[in-house]
Amino acid sequence: MANDTLTRDDPAATHSIPEPAQEKPLARVQGVPWLIVIVLLAAVAWLGWRAFFYEEEGDPVGSAMLAFEKQNSLIVFSSRFEVVAESTNTTSLAGFDLMKSRQASIIPATVEYRVNLASVGRDRIAWDEATETLDVTIPQLKISRPNLDEGAARVFTEGTYVSRNAAQSLSQSNSRQAERRAVEFAKNPEVLALARTAAKDAIRQNLAIPMQVAGYGDVKVNVRFDGEEKTR
């Protein structure tokens, strides 16, 4: 029995206690440089948005001007009509009329009416928040020089003999007459009234849609020309 019993001093009876494991030092965080890059990219993106796309809330005048900046000149009306010109040419010799010719021309003409939007600044736009109304004052219409379509003209010539020089003189005279009459027609009060009405409608349409997109809803847009009384 004594031999089978392990003594307290027997090394085989001694249980070894493992030493506590030493903690390894934490690795340096490798994500810090990437975090800095992400922050910088976010800052650049915000600054770009702020500079080119941001619009201060509550500034409908700024939204209206942004719509105008996209087009400096707006064609609001185009009129195509026909003008009649008639000229005569006489060939004389020693005070006697030898040959006389006449030419009548019916020439199509086109005139465009434009609004100079580049001159429309903040001083021409007013916003009434209570009634959600945008008042815009635009400059007077600019009438283009008549474009004569002489290639489509109908020409009627009378005369026993029309020389080449006489025909050229008649044609040039009719062209000058046609341009003058086209200018007079373009300033006709009835035609001009149609152009002014078309201009106001075009400005309203060019502002109403951008204002809706900007979040202002269905705003009322009043348009008037310089010198006109403000509508209520």
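The values are calculated or read from the model by the stated rules, or taken from the named source; none is laboratory data. Quantities reported herein were computed from a predicted structural model and do not represent experimental measurements. Methodologically, a virtual Cβ is constructed for each residue, glycine included, from the backbone with ideal geometry; neighbour enumeration extends over all protein chains shown. Heads up: the accessible areas ignore ligands, DNA and RNA and are worked out on the full protein's heavy atoms, side chains in. Shrake-Rupley method; radii C 1.70, N 1.55, O 1.52, S 1.80 Å.
Within the set of pairs 6 or more residues apart or between chains, which connect a residue that is without any contact (Cβ under 8 Å) to a residue 60 or more places away in the chain and of a type outside the set (Ser, Thr, Tyr) inside segment 122-140 to a residue that is open to solvent by 90 Å² or more (accessible area, probe 1.4 Å) and in a strand (DSSP E or B) with Cβ atoms less than 9 Å apart?
Asp128/Lys220
Take Leu141 and tell me if it is of a type in the set (A, V, I, L, M, F, W, C), more than 28 Å from Val219 (Cα to Cα) and in contact with a strand residue (DSSP E or B) (Cβ under 8 Å, 6 or more places away or on another chain).
In short, no.
In segment 102-112, is there at least one residue being in a helix (DSSP H, G or I), crowded, with 18+ Cβ neighbours inside 10 Å and out of contact with any Lys or Arg (no Cβ under 9 Å at 6 or more places or on another chain)?
No, there is no match, as no residue in segment 102-112 is in a helix (DSSP H, G or I), crowded, with 18+ Cβ neighbours inside 10 Å and out of contact with any Lys or Arg (no Cβ under 9 Å at 6 or more places or on another chain).
Given the condition on the phi < 0 side of the Ramachandran plot and more than 36 Å from the chain's Cα centre (by Cα), answer yes or no: does some residue in segment 108-130 qualify?
No, the conditions are met nowhere in segment 108-130.
Against the conditions (1) surrounded by 13 or more Cβ atoms within 10 Å (Cβ to Cβ); (2) modelled with pLDDT of 95 or more, where does Arg204 fall short? Just the number, please.
All conditions pass for Arg204, except number (2).
Quick check: anything in segment 131-141 buried (at least 17 other Cβ atoms within 10 Å of the Cβ), farther than 19 Å from Asp226 by Cα and assigned by the TED database to the domain that holds Lys100?
Checked against the condition, which is being buried (at least 17 other Cβ atoms within 10 Å of the Cβ), farther than 19 Å from Asp226 by Cα and assigned by the TED database to the domain that holds Lys100, segment 131-141 yields no hits at all.
Could you please find all residues in segment 52-63 being assigned to a helix (DSSP H, G or I) and modelled with pLDDT of 50 or more?
Pro60, Val61, Gly62, Ser63
I need a count of the residues in segment 116-150 that are closer than 30 Å to Ala178 by Cβ and hydroxyl-bearing (Ser, Thr, Tyr).
Initially, segment 116-150 is screened for residues closer than 30 Å to Ala178 by Cβ, giving 116, 139-150.
Retained after the next criterion (residues that are hydroxyl-bearing (Ser, Thr, Tyr)): 144.
Of the residues in segment 116-150, 1 are closer than 30 Å to Ala178 by Cβ and hydroxyl-bearing (Ser, Thr, Tyr).
Which residues, taken from segment 64-80, are under 13 Å from the mean Cα position of the chain (by Cα) and either among the small types (Gly, Ala, Ser) or assigned to a helix (DSSP H, G or I) (or both)?
Ala64, Met65, Leu66, Ala67, Phe68, Glu69, Ser73
Out of (1) open to solvent by less than 50 Å² (accessible area, probe 1.4 Å); (2) modelled with pLDDT under 90; (3) not β-branched (Val, Ile, Thr), the odd one out for Glu158 is which?
In the conditions (1) open to solvent by less than 50 Å² (accessible area, probe 1.4 Å); (2) modelled with pLDDT under 90; (3) not β-branched (Val, Ile, Thr), Glu158 misses (1) alone.
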